1. Work out how much length TYR76 to SER53 would gain on full extension: take 0.36 nm times their residue separation and subtract the Cα-Cα distance, in nm to one decimal.
2. Give me the number: length gained by fully extending LYS206 to ILE69, i.e. 0.36 nm times residue separation minus the C-alpha to C-alpha distance, one decimal in nm.
3. Mind checking the dipole of the stretch 60-146: about its Cα centre, +1 per Lys or Arg Cβ, -1 per Asp or Glu Cβ, Debye to the nearest 20?
4. Give the calculated FRET efficiency between THR117 and ARG213 to the nearest 0.05, with a Förster radius of 45 Å applied to their Cβ-Cβ distance.
5. What ranking, highest mean first, results for peptides 200-211, 27-38, 76-87 when packing means the other Cβ atoms within 10 Å averaged over each residue?
6. Based on the mean of other beta carbon atoms within 10 Å per residue, what is the order of 46-52, 174-180, most packed first?
Amino acid sequence: MTTLMLALATAFVLLVTYPGPAMVAEAGDITAFVTDQSNRPIEDAVVRAMAVSGATLPVKPARETVDQINKEFVPYVKAIVVESSVTFPNKDNIRHHVYSFSPAKTFELPLYIGTPTTPIVFDRPGVVTIGCNIHDWMIGYIYVAETPYVGKTGRDGRIRLENLPPGRYIALVWHPRLQDAEEPTRRAVTIDGPAAVDLAWRLTLKPELRPRRAPIPGQHGYR
């Protein structure tokens, strides 16, 4: 075999064995729609996708914020990735005392106004319930995920998880009032191209059990 013929044969083998960029599957998206037992859109439902096979992006911790505005945690539900740090600015004109006894993260920020100098690092996955020792109705949730593909639904009950590399995934949904455990919500998903995969959940929610805001004595309105 001549040198030219050998080179052509090698090039042919490489072309067949290693597909070019046009032949490589592109990243895709997951669009989720979450409703309750009455078929109404659910806000603040956390949807995450866990990779089972294929490549995945690394989890990149971020700096996040949960505000305290008008004696409420804003947002009510915050979805973050593990090792992210969260600050808790108090934007009210009274002091708050923020705490959590959740196994995923136990912490306490004693009475303060303004922004604490040291953020809280959430180094374990799970659901963290936060509260205020002064105002019983102030309850919020931080969902700490081990995957970069996580987000929460808006008022329309929809969320889009973007740029998932091709592969197989398990998608799950969680909400503070979810009647059952998160595990039964799992769905198998395959990403094999740029087209979005549509998922829908219909959840059974428990009644709202948050304490009511206390009325201000002798005035209209609440504390």
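1. 5.0 nm
2. Here the answer is 46.7 nm.
3. 100
4. Efficiency, rounded to the nearest 0.05: 0.95.
5. Packing order, densest peptide first, comes out as 76-87, 27-38, 200-211.
6. In decreasing order of mean packing, 46-52, 174-180 become 46-52, 174-180.
Values quoted throughout were computed directly from the atomic coordinates according to the rules given, and no laboratory measurement underlies them. Just so we're clear, the structure is a prediction, and the values are computed from it rather than from any experiment. Quick reminder, even Gly has a Cβ in these numbers, built from the backbone with ideal geometry, and neighbours come from all protein chains shown.
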